[in-house]
Amino acid sequence: MSASGSSDVTAAIIGGGPVGLAAAIGLAQNGAPTALVARKVAYADNRTTALLGGSVDFLIQLGVWRHCEDKAAALQVMRLIDDTGRLVRAPEVRLSAEEIGEEAFGYNIKNRMLVEALEARAAELPNLIRHDDDARAIRDEGTSVIVETASGTQFGAAIVGGADGRNSLTRQSAGITLRTRTLNQAAVTFNTAHTRPHHNISTEFHTPHGPRVFVPLPGDHSSVVWVTTPDEAATLKSLSDEELGLRAERQAHSILGKMRAEGERHVFPLTMQSPSQLTAGRVALLGEAAHVFPPIGAQGLNLGLRDAADFVRIVSSAYEVEGDASSNQVMAQYAQARRADIFSRSAVIDFANRSLLSDFLPTQALRAAGLHLLNIANPVRRFAMREGLAPWWRRQA
């Protein structure tokens with residue numbers, strides 16, 4: 001940092017996951033001097049992400065999608081199947097992207113391949129300074145934010161975007177408190193090969209313990225997110241590839257033929273997390289630093305990428321007009337832009353999960369009626385499909 005106390009960069013992004021990389025790329029390609037603080041590590045996790053329409057558009061704008069488009073599978077149809085076995089059951093709901101004039105709702109891709117594409121694009125930007133290290137300290141000193149890496153390097157930034165996950169150092173350093181609710185559920189993620197084609201149909205089975213989703217991958221392969229009790233999750237993780245494939249085949253009622261699990265499987269205890277505020281001083285939160293909820297409706301990373309898109313838009317605009325992005329107005333604009341989106345998505349996902357788990361008959365009836373309405377009311381169904389891709393107020397912006 002210079003002796004005068006001025007910032008070395010306009011923005012520092014903390015965290016090298018998809019959200020942090022996207023925010024850093026967007027700012028740098030828009031001309032704002034940007035630093036990314038994140039270790040480059042091999043992404044061994046075999047989880048996947050269903051990138052919905054707006055996320056794909058953002059990745060196209062960033063010049064990232066061309067690096068990974070051929071590694072993704074289109075999601076053209078989504079099926080919702082009530083597999084609860086309860087007295088009050090919802091009808092099967094089939095949602096087609098063609099009905100709202102889209103080729104696909106989005107594309108499913110392995111996170112490893114998405115991160116590789118983001119890293120490839122980041123390496124093309126001379127305006128992006130990469131600190132291949134973890135952040136050790138983040139101090140907002142009023143006129144700038146001092147970022148210190150684990151190896152002792154220090155630099156100043158006009159603003160900081162914390163995209164460093166649910167255990168965010170950025171959030172803690174900013175003094176932002178966190179509300180956490182632990183759920184009695186866990187998600188098991190794994191990939192499978194199967195003998196029947198998926199026809200680009202994503203199928204979600206609703207069970208009394210949570211949703212179990214089979215999402216297309218290229219070829220005769222699918223990714224699975226299996227939400228269940230913590231005890232059953234531990235059992236599933238311990239099974240052989242053949243045994244887990246058989247369990248998946250039975251859960252999918254053999255619609256994909258014989259199945260065999262491939263590669264590692266991971267178990268994630270489910271929680272709901274929300275910070276008391278999205279910004280503090282010169283610090284803003286993005287991605288899982290700003291919101292954590294169950295993996296329902298492919299909303300998690302897509303919401304985080306919308307955080308990144310809004311952060312890039314607001315900060316870039318301030319930098320282009322004023323040559324600076326450190327005013328309180330910038331932080332206020334970001335918080336205002338994200339608050340309704342994050343709150344509404346979190347509330348909908350929480351309600352969807354609670355209503356599925358509930359043994360209260362009126363709640364089950366309300367859920368079944370809502371899904372029945374999707375089947376018979378075309379305008380409602382089309383609105384729901386468009387809303388799943390992006391909030392209505394964002395589409396009209």
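Kindly indicate which of 87, 128, 178 is open to solvent by 40 Å² or more (accessible area, probe 1.4 Å) and closer than 26 Å to residue 328 by Cα.
On inspection, the qualifying residue turns out to be 178.
Run down 36, 118 and say which single residue is open to solvent by less than 50 Å² (accessible area, probe 1.4 Å), modelled with pLDDT of 95 or more, farther than 26 Å from residue 382 by Cα and assigned to a strand (DSSP E or B). Even if it seems obvious, please write down each step before you answer.
On the way: 118 fails: assigned to a strand (DSSP E or B).
Answer to the check: 36.
Counting just the residues of the range 181-206 that are out of contact with any strand residue (DSSP E or B) (no Cβ under 7 Å at 6 or more places or on another chain) and either without any contact (Cβ under 8 Å) to a residue 60 or more places away in the chain or among the β-branched types (Val, Ile, Thr) (or both), which one comes out most open to solvent (accessible area, probe 1.4 Å)?
Initially, the range 181-206 is screened for residues out of contact with any strand residue (DSSP E or B) (no Cβ under 7 Å at 6 or more places or on another chain), giving 184, 195-197, 199.
Those still in the list that are either without any contact (Cβ under 8 Å) to a residue 60 or more places away in the chain or among the β-branched types (Val, Ile, Thr) (or both) too: 184, 195, 197.
Working: 184: 123, 195: 94, 197: 64 Å².
Only one residue fits best here, namely 184.
Going residue by residue through the range 288-303, is there one that turns out to be open to solvent by 20 Å² or more (accessible area, probe 1.4 Å) and more than 22 Å from residue 181 (Cβ to Cβ)?
Checking the range 288-303: not a single residue is open to solvent by 20 Å² or more (accessible area, probe 1.4 Å) and more than 22 Å from residue 181 (Cβ to Cβ).
Criterion first (without any contact (Cβ under 8 Å) to a residue 60 or more places away in the chain and either assigned to a loop (DSSP other than H, G, I, E, B) or crowded, with 17+ Cβ neighbours inside 10 Å (or both)) does residue 242 satisfy it?
Values: without any contact (Cβ under 8 Å) to a residue 60 or more places away in the chain: yes; either assigned to a loop (DSSP other than H, G, I, E, B) or crowded, with 17+ Cβ neighbours inside 10 Å (or both): no.
Criteria not met by residue 242.
All but one of (1) open to solvent by 60 Å² or more (accessible area, probe 1.4 Å); (2) in contact (Cβ under 8 Å) with a residue 12 or more places away in the chain; (3) among the acidic types (Asp, Glu); (4) more than 22 Å from residue 301 (Cβ to Cβ) hold for residue 232, so report the exception by its number.
Of (1) open to solvent by 60 Å² or more (accessible area, probe 1.4 Å); (2) in contact (Cβ under 8 Å) with a residue 12 or more places away in the chain; (3) among the acidic types (Asp, Glu); (4) more than 22 Å from residue 301 (Cβ to Cβ), only one is false for residue 232: (1).
Just checking, which of 77, 64 is in contact with a Lys or Arg (Cβ under 6 Å, 6 or more places away or on another chain) and modelled with pLDDT of 95 or more? Before you say what the answer is, go through the steps one by one.
Details: 77 fails: in contact with a Lys or Arg (Cβ under 6 Å, 6 or more places away or on another chain).
Exactly one of 77, 64 is in contact with a Lys or Arg (Cβ under 6 Å, 6 or more places away or on another chain) and modelled with pLDDT of 95 or more, namely 64.
When you go through 381, 367 one by one, which is the residue that is of a type in the set (Lys, Arg), crowded, with 16+ Cβ neighbours inside 10 Å and in contact with a strand residue (DSSP E or B) (Cβ under 8 Å, 6 or more places away or on another chain)?
Step by step, each of 381, 367 is checked, and only 381 is of a type in the set (Lys, Arg), crowded, with 16+ Cβ neighbours inside 10 Å and in contact with a strand residue (DSSP E or B) (Cβ under 8 Å, 6 or more places away or on another chain).
The values are calculated or read from the model by the stated rules, or taken from the named source; none is laboratory data. Only a predicted model underlies this, so the values are computations on that prediction, with no experimental measurement involved. Every residue, glycine among them, receives a Cβ derived from its backbone with ideal geometry; neighbour counts consider all protein chains shown. In case anyone asks, the SASA skips ligands and DNA or RNA and just uses the protein heavy atoms, side chains included. Shrake-Rupley method; radii C 1.70, N 1.55, O 1.52, S 1.80 Å.
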